[in-house]
Amino acid sequence: MIKGPIVILANGNYPTHPIPLQKINEAEYIICCDGAVNQLIDNGLEPNIIIGDLDSIDQTMKSNYADQIICLPEQDENDLIKAIRWAESKEIKEVAILGATGKREDHTLSNIFILLQFPTSLKCTLITDNGNFSITEGTAKFQSFNGQQISIFSVDPEIKITSTNLKYNLNLSKYINLYCGSLNESLTETFTLSVSHGKILVYQVFA
């Protein structure tokens with residue numbers, strides 16, 4: 001059994017903010033998506049597993065970490081999805097995803113919306129240098145602070161969302177476009193969100 005805390009490191013920008021850096025430095029197990037291992041080693045850490053099509057790793061790296069490499073050459077899914085699937089197969093319950101943004105905007109968007117649309121049993125939080133993305137189903141209470149910037153994303157226009165303690169509170173509100181729920185704000189140390197069905201994506205800035 002693989003025990004946490006567990007990090008999936010994608011091959012975007014390596015974290016620089018103290019919060020994601022603390023996550024990766026305290027991780028008991030690090031799953032690297034292909035070339036993310038290069039950045040990990042440059043920052044003095046070692047991977048437990050390297051997953052992907054291995055098109056971003058040189059031969060020396062492949063030799064040095066031969067026992068930790070899982071080569072999955074299929075191109076119908078990106079390396080982050082491959083890492084999530086592998087974590088599920090090991091009965092891992094929760095992961096923090098780092099390095100999933102930056103470098104290329106198309107990769108950034110794809111990685112963020114994997115959280116919302118890819119079906120997984122994992123509890124995933126995607127942490128950037130500016131904030132974190134998490135998934136909400138049913139009713140959830142969030143730790144926050146007065147003035148924290150909040151954005152909410154839904155790809156299902158029929159989902160009804162209700163909130164408490166937000167500057168622009170929602171009352172069975174529907175978002176027909178992805179941008180409709182951006183730029184809200186928390187008024188207290190906690191806020192709640194309730195959804196009628198399905199799931200939504202919530203972004204909270206660090207400060």
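For Lys62 and Arg85 in one chain, what is 0.36 nm times their gap in residues minus the Cα-Cα distance, to one decimal in nm?
The span from Lys62 to Arg85 would gain 6.1 nm if fully extended.
With N denoting the number of residues in the stretch 142-207, provide Rg(C-alpha) divided by 2.2 N^0.38 Å, to two decimal places.
1.02
Taking the Cβ of Ala140 as the center, what net charge do the other residues with Cβ under 14 Å away carry, scoring Lys and Arg +1 and Asp and Glu -1?
Net charge around Ala140: +2.
At 0.36 nm per residue, minus the direct Cα-Cα distance, what do Phe145 and Glu189 gain on full extension? Give it in nm, one decimal, please.
Numbers: separation 44, 0.36 × 44 = 15.84 nm, distance 0.42 nm.
Stretched out fully, the Phe145 to Glu189 stretch lengthens by 15.4 nm.
What whole-number value in Å² describes the accessible area per residue of the stretch 54-207 for a 1.4 Å probe?
54
Roll a 1.4 angstrom probe over the protein heavy atoms and tell me the percent of accessible area of the chain that is carbon or sulfur. Before the final figure, lay out each step's value.
Numbers: 5210 of 10580 Å².
Summing carbon and sulfur atoms, their accessible area is 49 percent of the total for the chain.
7 Å from Cα along Cα→Cβ at both Arg104 and Tyr179: what's the point-to-point distance in nm?
2.5
Sorted from largest down, give the three principal axis spans of the alpha carbons of the stretch 1-118, whole angstrom values.
On the principal axes, the stretch 1-118 reaches 35, 32, 31 Å in Cα extent.
Angle check, please: helix 79-89 long axis (alpha carbons) against the longest principal axis of the chain (alpha carbons), in degrees 0 to 90, nearest 10.
The angle comes out near 90 degrees.
Let me check against my output: what whole-number percent is the relative contact order of the chain, with C-alpha pairs under 8 Å and at least 6 apart?
Relative CO of the chain lands at 19 percent.
Using r as the Cβ-Cβ distance of Asp42 and Thr164, and R0 as 45 Å, what FRET efficiency do you calculate, to the nearest 0.05?
Efficiency computed from Cβ-Cβ geometry: 0.55.
For Lys93, which lysines qualify as cross-link partners when the Cα separation must be under 22 Å and same-chain residues fewer than eight apart are set aside?
Partners found: Lys3, Lys23, Lys82, Lys123, Lys141, Lys199.
The values are calculated or read from the model by the stated rules, or taken from the named source; none is laboratory data. None of the values given here were measured: they were computed from a predicted structure. Neighbour counts run over all protein chains shown; Cβ positions are idealised from the backbone, glycine included. These accessible areas exclude ligands, DNA and RNA; they are computed on the full protein's heavy atoms, side chains included. Shrake-Rupley method; radii C 1.70, N 1.55, O 1.52, S 1.80 Å.
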